[in-house]
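Here the structure comes first, spelled out in structure tokens, and everything after it is commentary.
The values are calculated or read from the model by the stated rules, or taken from the named source; none is laboratory data. Model, not experiment: these values are computed from the prediction. Here the Cβ positions follow ideal geometry from the backbone for every residue, glycine too, while neighbour counts run over all protein chains shown.
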Amino acid sequence: MERSMTAARPVSLKITLPRIPDIELVAVEGLTRLAAHLGIAEDKIGEARILVTEAIINAFEHAGGANTSVRVEFTVTRERLVIFVRDYGRGFDAAAVPEPDPRRTAGRKRGWGLKLMKTMSDAFSLESTDRGTKITLTKELR
């Protein structure tokens, strides 16, 4: 298929990831290949890789529950990337998560996930119930 024909239409990838070490790398590789297919510059996709990695690791780490898989979906055009990550865990109250404070977290790399995702994405949405958490991140690629 010609690249020019597919570039105007969104390209999507949907993956269900089992909980095994470093599985987030499969999603990152899928994203990298989608971006290359659409001719998106490497520097534009770098932050998106960080967002994907953080969202997946958070989902596995915090979801709990019996179903430990995580669903990841990417929809990409040359202008925009939408990342959707869903777990099937116990959920949480996002309003109760404190803002990270560098004075409390000095020397630790923990507790910055949501803040990082909000800061690095152009749009951030989070829904969490007792049936799981859904995060949608949008990254402008222009």
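Data overview
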| quantity | calculated |
| --- | --- |
| The listed residue being within 17 Å of the chain's Cα centre (by Cα) and either within 21 Å of Thr119 (Cβ to Cβ) or surrounded by 15 or more Cβ atoms within 10 Å (Cβ to Cβ) (or both), out of Ala95, Ala48 | Ala48 |
| Positions within segment 9-24 being in contact (Cβ under 8 Å) with a residue 40 or more places away in the chain and not in a loop (DSSP other than H, G, I, E, B), in sequence order | Val11, Ser12, Leu13, Lys14, Ile15, Thr16, Leu17 |
| Residue in segment 72-92 that is surrounded by fewer than 17 Cβ atoms within 10 Å (Cβ to Cβ) and modelled with pLDDT under 80 present | yes |
| Criterion: in contact with a helix residue (DSSP H, G or I) (Cβ under 7 Å, 6 or more places away or on another chain), at pLDDT below 95 and among the β-branched types (Val, Ile, Thr) - qualifying residue of Ile40, Ile20, Ile15, Ile45 | Ile45 |
| Subset of segment 98-142 that is of a type in the set (Gly, Ala, Ser) and at pLDDT below 70 - its residue that is nearest to the chain's Cα centre (by Cα) | Gly111 |
